[in-house]
1. Of the numbered conditions (1) closer than 22 Å to residue A:251 by Cβ; (2) open to solvent by 10 Å² or more (accessible area, probe 1.4 Å); (3) touching a residue at least 40 places away in the same chain (Cβ under 8 Å), residue A:177 satisfies every one except a single condition; which is it?
2. On the basis of being open to solvent by 30 Å² or more (accessible area, probe 1.4 Å), modelled with pLDDT of 95 or more and within 24 Å of residue B:302 (Cβ to Cβ), does residue B:238 make the cut?
3. Filter the stretch A:474-516 down to the residues that are among the basic types (Lys, Arg) and more than 18 Å from residue A:397 (Cα to Cα) and list them by number.
4. Which ones in the stretch A:80-97 are of a type in the set (Gly, Ala, Ser) and either under 21 Å from residue A:247 (Cα atoms) or surrounded by 16 or more Cβ atoms within 10 Å (Cβ to Cβ) (or both)?
5. Restrict the check to the stretch B:346-368 and report whether at least one residue is more than 9 Å from every other protein chain (Cβ to nearest Cβ), open to solvent by 10 Å² or more (accessible area, probe 1.4 Å) and in a helix (DSSP H, G or I).
6. Let me confirm something: among A:323, A:310, A:341, which residue is among the aromatic types (Phe, Trp, Tyr) and touching a His at 6+ places or on another chain (Cβ under 8 Å)?
7. How about the stretch A:438-511: which helices (runs of 4 or more DSSP H) wholly inside it have at least 1 residues that are touching a Phe, Trp or Tyr at 6+ places or on another chain (Cβ under 9 Å) and either open to solvent by less than 60 Å² (accessible area, probe 1.4 Å) or at pLDDT below 95 (or both)?
8. Restricting attention to the stretch B:410-433, does a residue exist that is in contact with a helix residue (DSSP H, G or I) (Cβ under 7 Å, 6 or more places away or on another chain), under 26 Å from residue B:354 (Cβ atoms) and part of a helix (DSSP H, G or I)?
There are 2 protein chains.
Amino acid sequence: MSEVSTTRRSRAGGRAGNARRTPGFHLDQMPWRVPFNPDRPVEPIDDEGVQAIHKGAMHILSEIGIEFLNDEALDIFRAAGCRVDGITVRMDEDFVMEMVRRAPASFTITPRNPARQVTIGDGHMVFVNVSSPPSSWDIKRGKRSGDFETFQDFIKLTQFFNCIHIAGGYPVEPLDIHPSVRHLDCVSQKLILTDKVCHAYSLGRERVEDVMEMVRIAGGLTHAEFDASPRMYTNINSVSPLKHDFPMIDGALRMARRHQPVIVTPFTLAGAMAPVTMAGAVTLSIAEGLAAIALLQYVAPGCPVGIGTFTSNVDMRSGAPAFGTPEYMRATQITGQLARFYGLPLRSSGVCTANVPDGQAMWETSNSLWAAVQSGSNMVYHAAGWLEGGLIASPEKFVMDCEVLQMIQRYYEPSITATTPEDIALDAVKQVGAGGHFFGCDHTQARYANAFYNPIVSDWRNFEAWQADGAVETPERAHKIYRDIIDNFEAPPMDVAIRAELDAFVTKRKAEGGAPTDF
Amino acid sequence: MSEVSTTRRSRAGGRAGNARRTPGFHLDQMPWRVPFNPDRPVEPIDDEGVQAIHKGAMHILSEIGIEFLNDEALDIFRAAGCRVDGITVRMDEDFVMEMVRRAPASFTITPRNPARQVTIGDGHMVFVNVSSPPSSWDIKRGKRSGDFETFQDFIKLTQFFNCIHIAGGYPVEPLDIHPSVRHLDCVSQKLILTDKVCHAYSLGRERVEDVMEMVRIAGGLTHAEFDASPRMYTNINSVSPLKHDFPMIDGALRMARRHQPVIVTPFTLAGAMAPVTMAGAVTLSIAEGLAAIALLQYVAPGCPVGIGTFTSNVDMRSGAPAFGTPEYMRATQITGQLARFYGLPLRSSGVCTANVPDGQAMWETSNSLWAAVQSGSNMVYHAAGWLEGGLIASPEKFVMDCEVLQMIQRYYEPSITATTPEDIALDAVKQVGAGGHFFGCDHTQARYANAFYNPIVSDWRNFEAWQADGAVETPERAHKIYRDIIDNFEAPPMDVAIRAELDAFVTKRKAEGGAPTDF
């Protein structure tokens, strides 16, 4: 299979940008593009249902209240005329909706390579690598704690695959690097090994400020240029139910004030941190999300924000989260309806509960990715590489997921669904006639090179040919591709002066002790 | 895993009907139901595109013509005023549309157990087992030619799983039984081992007549009762491009005249038997399908029919069919738009190219099943058990697919998307409060037993628990369930007099030599 993958001639999708620089290895992946989803979203609830969830969220915000463990946020809400009682903030619908209306329906983020600019919103859908697992798993080494070398491998996969648009959080936590300086090593390496949009964890002042500075340096930007438009982003989670903690809100405020996007993603597991009913879990998620978005829009009117969904259900046997379930799919679609009601870009995820990249992993992941499509999601986190409910990052799963992501990109291409006379092809039907074969006809010969999706890891040979070639199953094929990518990886070019400035900043900040770890 | 599956208490979905009769083994599957798809279908093309395909199909029918290798059909078309030139039939749009309008938008089929009645159309979606592979594959025995014992095993799986509504074609061809009597052994066993709707292959007069007679006997019906309403069905394929052969049309005519449903499913592989463009392949498929439907409606006005899609693309490397591709998905959705335009029930399939039930098999199958959902398909062939482009039936894949089918059924349930005040659950949110946990609250306790989908073969435990229990991957878990089902299978009850009559019929027809094998 790998020989086929690496030697087949270029067809639909063309050559990868990276592959030019990797002699001896070529994977015929699809070119970089920012996919556009042309489909009408699936809408499981009607307008009355949308209103019921909206009014429920407004009731939570105005009557039950949200706790903010952040004094600055409490002061801001007080100044805005909200009712602040201890750490509990209550805000009225008029205020919330006025703030939400300030948010743009879409925004662009421009990384150090402007050709990798992405649009979040406006029907576009971008894919983010797996973020934040503490462990990795691969077929050779099994499950291991995350380390910096493995972190770098995943960043290389993130850069290599054109269907991955954003280098999100750490694809695996490098536990061999001290937390005080982890962000310096990780983000500087991310900025060196990729030229795609990158992300800052909102884990305290120093980390957020350091990452913004590193992104500014890597982009060769002045401070004014950095502040003028989105160059990176953060994602914050609430502490469901009904709570936002200090560092996440602190980081979000710092980012918003410099016009850097903030995605607010409550993690509302129905039956655990949220009501057992999916509408209840979505309502709580919306309330928590809008509370933070209202804060940010009050402080920085018009700042780019998105609303995330991470609503799923627990396994009632164990209380552990389950992903890619029917309930997950419907919650994602319903959240999409609410996101459109509020005019906010939507983030969802590619997720599964499975521990290894087998059949279960792929039906769960497929369920979640098709729910992302059906919900009109604009940003899909964890789109490649996620296992075990987010506790494992797997390189084989990363490659397998990229096959599914490429198929979604291909699915969106207007050429597949075109109905011009040339597509209806009556002349070819007449020419070939009853009992004939279309392969040789001019209509086919003129189009076959780009007519169909061209897989990267799927094996489409028959059983006997596949068996004669070693009966290699999907994870083993994916492993070979992963190793080929790592072994042949070349980082995108970076100006030597910029690289020196970036290294100097990291050295200086390490000498200063990095970030405190006692928050 | 199997212990968990077999001993867990009954929750969402309740107990299977069969499980009552199988002491020592219990799989907590969902109950029998005929799913209803509440979603608006995905529509990749606009009204103009639908018209372009319709007009293209009408042009094929009126100008290029369809070959019918069946003298009776040619006589009928001549009598209907169509232009018959040798074996080529040309028919005008007015005639075709008048005939198509005679077809009902939906119909029911009632098998020997009336509780297993299914509705084809009207937003319902029923699942059919894998049909017609010449070989089977399982993890213990690998790939083998089909035999009668394996055939019976698959029929037992078909009966056991409540999410399989119809016992379609032979789930594997029993090559150890002579073709002249194969239909007698297979269909009599199918009628004994299942009480679900069953199918006749249209492979010559004797086979079709014998199967109708066996279904009549098994149902305890008079000839008049059998003829009064649908009791079984057939599926016919055209010989694309542009041709219908003798036995398929012969069988369809025999069935239609007795009000038994006929599904017409052209097999239009883009780039091989059809144009390389998906719109072209769909147009040809529609033309071939409507040609046969027009014939049947002329002969038996109002007879129940459905239109099938089996449009996919070839692998341009090998010319072999590829399934579950983006092109397959779009073709299925577009055919759904045309089926609604003509007011006909739609059949599609659950299909993949993969050779073994690994990750590739499940993303391909998931793609095809979600395309079935999105297209508004009413009948899904090969929904469980298909591998290698239809050359292999696999019991492990059957069990794994049933998990996906159950999730689709669950996805359709209105309870997941309900937005009543009880679902929005503001009282529970207030009661639990910030930082609380919902598991213990009354709202959760009153609902948790049926709140979420309950898996049959998925393992939702964390990595360490799963590893400590043997690190059993999905196909191995599915194998254990498959063996448990076979080992504990009990056939549904059948009246002894009916059983005797059925046996006597089979004996008589075998003595007469069965069906000729030289057609």
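The values are calculated or read from the model by the stated rules, or taken from the named source; none is laboratory data. Keep in mind it's a predicted model, so treat the numbers as computed, not measured. All Cβ positions, even for glycine, are placed from backbone atoms using ideal geometry, and neighbour counts span all protein chains on display. Quick note on the areas: whole protein, heavy atoms, side chains included, nothing else; ligands and nucleic acids left out. Shrake-Rupley method; radii C 1.70, N 1.55, O 1.52, S 1.80 Å.
1. Answer for residue A:177: the failing condition is (3).
2. No, not satisfied.
3. Passing the criteria: A:499, A:508, A:509, A:510.
4. Correct list: A:80, A:86.
5. no
6. When all the criteria are applied, what remains is A:341.
7. Ranges flagged: A:442-445, A:448-451, A:463-468, A:474-487.
8. yes
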